[in-house]
Every structure is written in C-alpha cells, then in structure tokens.
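Asker: Structure below; questions to follow.
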Amino acid sequence: MIPEWFEVGFAAVLGLIFGSFATAFAYRVPRRESLGGRSKCPNCDTTIRAADNVPVISYLLLRGKCRNCGQVISPRYPLIELTSGALFALAAWKFGPTLTGITYASFFWILLVLTVIDLEFKLLPNRIVFPALYAGWALLVADALLDTGFAMGDPAALREAALGAVVFGGFLFLVAFIYPAGMGMGDVKLALVLGSFLGYLGGIGLAVTGMFLSFLFGGFLGALIAVARGGGRKTQIPFGPWLALGTVTAVLFGEGLLDWYLELF
Ligand SMILES: [Zn+2]
C-alpha cells in the first residue's frame, strides 16, 4: 500500500513540473510560437539552463532575476508553478492514483493555462478549448468504461456529462445573448467543457453548483478587485478565470457545499 501523503506529495511535484509547461504553453500558444525548444529569457534571448529551470526553486535561488542579463522575472512564473502543484495535489487527494485523478488533474491544468491566457489577452483560444473538449471526452469515456473509474463501468455517467454540458453551455449562451459585453462566445464554448466534467461527477446538480460559484466569485470578488484597483471598465477581469475557479471549487467541494446548502431549508 502506498500511503496517501506520498501520492499527494508525488502529484504536487508532478504538478510543479507541469506548471512550468503551463507557463510556456500559455506564453507561446497565443503568440503562435512553436511549442518545441527550450525556454529563453524574453529580455536577452539566452536559452535558460536546465539547472536554472527547476520550478519555484530556481526562481528563489536566482532571486527572481535572469542569470545572464539581470532582468526581473515576473513572479507569475513561480505562482503558476505553485498553483499547478496545488491543483495536482488536490486532484490526487480527491480521486487517488486513478484514471479519474489523471483526468481531473489534466482538466485543472488546462483551466490554469486558459486562466493565464484570458487574464493577459482577454480571450479563450479555440485552439485550446476545442482540443480540451475532445480530449476531455476521450478521457471521460475511458474512465466511465473502466471498473476502477469514478463511474465504475456505468456509462450512464456519460449521459450526465452531456446534460451538464448542455445546461452549463446553454445558460452561458443565454447570458452572452442577453449581455454580450459581459460574456463572450469563448466563455460559452469553455462552459461545454466545464459542464461535461461537472456533470460526469454529479449530474446537473453539480453543473449548476459550478455555475453558481462562478457567478458568485465573479460578481463578489470581481467587484472587490475592481474597487481595489480604482474601478472603471478597464480594471474588469474577464470571466474565464472565474469560470475556472468556480468549476474547480465545485469539483473538489461541490457535493459538500450542495448538501450544506440544501440543509439550510
Ligand atoms: Zn535575460
């Protein structure tokens, strides 16, 4: 038996490594740069040595500066790596060392990439969202058919996943139709992915919970951030990151939250 703390710790280390891929991916895809090749300093173009590319640790050892030119490295790099590590650890804690765990860790990872891109460019590229939908469904189908998967071989979970996609995507489509300034078609397409992954775990109930949390976070925290930054439309955060945050929260804690909420009445 492998102890649980070891599984979670191993997933965290894996998450840190995939976190540096997330950084490179989120930087290169919107700029249409090739995904191959080593990382370079965006300032002096020097290829970064492998020893200087260790997640988080290198950033601390180099005190946040390029070894060659001394250019300050944005703290967003170690932050993305740490977030990725935490997300992988949470997926391992929730689902264990199963295909379900791998599926949801990958899902969290792609949401992290999309969050970074949406914050910088205010868009969710089709070149990421569509492959995420297809690859996501391939993983969910495989997991549903496995006896060791979350659905324990019952394909009914896939119908729930499809219903989740229709509900989440359909509701955001309505919002985008009524209020196009606040919601884009990129958000609607992403909602199809989110609804699938939520529906697979908990049907329409969990998809609605994820939706509710996204709007709660986006409305409440979004307003706080806008006030802290001095208000105005330019300080607004795009909706993609809130969708990601609401969905990850629902995947990890949605069942408990839903029970608690229903007990209030
Ligand atoms: Zn440099």
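Asker: For residues in the range 136-154 being in a loop (DSSP other than H, G, I, E, B) and in contact (Cβ under 8 Å) with a residue 12 or more places away in the chain, which is surrounded by the fewest Cβ atoms within 10 Å (Cβ to Cβ)?
Answerer: Among those residues, the one meeting the criterion is Thr148.
Asker: Working only within the range 16-72, note down all residues that are within 16 Å of the ligand (Cβ to nearest atom), of a type in the set (S, T, N, Q) and part of a helix (DSSP H, G or I).
Answerer: Matches in the range 16-72: Thr23, Ser58.
Asker: What do you reckon, is Phe253 free of Cβ contacts under 8 Å to residues at least 40 places away in the same chain, buried (at least 16 other Cβ atoms within 10 Å of the Cβ) and closer than 21 Å to Leu112 by Cβ?
Answerer: Judged against the criteria, Phe253 is not a match.
Asker: Restricting attention to the range 93-106, does a residue exist that is surrounded by 15 or more Cβ atoms within 10 Å (Cβ to Cβ), in contact with a Phe, Trp or Tyr (Cβ under 9 Å, 6 or more places away or on another chain) and among the basic types (Lys, Arg)?
Answerer: Scanning the range 93-106 turns up at least one residue that is surrounded by 15 or more Cβ atoms within 10 Å (Cβ to Cβ), in contact with a Phe, Trp or Tyr (Cβ under 9 Å, 6 or more places away or on another chain) and among the basic types (Lys, Arg).
Asker: Here's a follow-up. With (1) at pLDDT 90 or above; (2) in contact with a strand residue (DSSP E or B) (Cβ under 6 Å, 6 or more places away or on another chain) as the list, and Ile117 as the residue in question, which single condition is left unmet?
Answerer: Looking at each condition in turn, Ile117 falls short on (2).
Asker: Let me ask something else. Using beta carbons and a limit of 7 Å, which pairs, at least six apart or on different chains, have the first residue in the range 68-86 and free of Cβ contacts under 8 Å to residues at least 60 places away in the same chain and surrounded by 17 or more Cβ atoms within 10 Å (Cβ to Cβ) and the second one assigned to a helix (DSSP H, G or I) and among the small types (Gly, Ala, Ser)?
Answerer: Between residues of the range 68-86 that are free of Cβ contacts under 8 Å to residues at least 60 places away in the same chain and surrounded by 17 or more Cβ atoms within 10 Å (Cβ to Cβ) and residues that are assigned to a helix (DSSP H, G or I) and among the small types (Gly, Ala, Ser), there is no close pair.
The values are calculated or read from the model by the stated rules, or taken from the named source; none is laboratory data. Please read these numbers as outputs of a predicted model, since none were measured by experiment. Methodologically, a virtual Cβ is constructed for each residue, glycine included, from the backbone with ideal geometry; neighbour enumeration extends over all protein chains shown.
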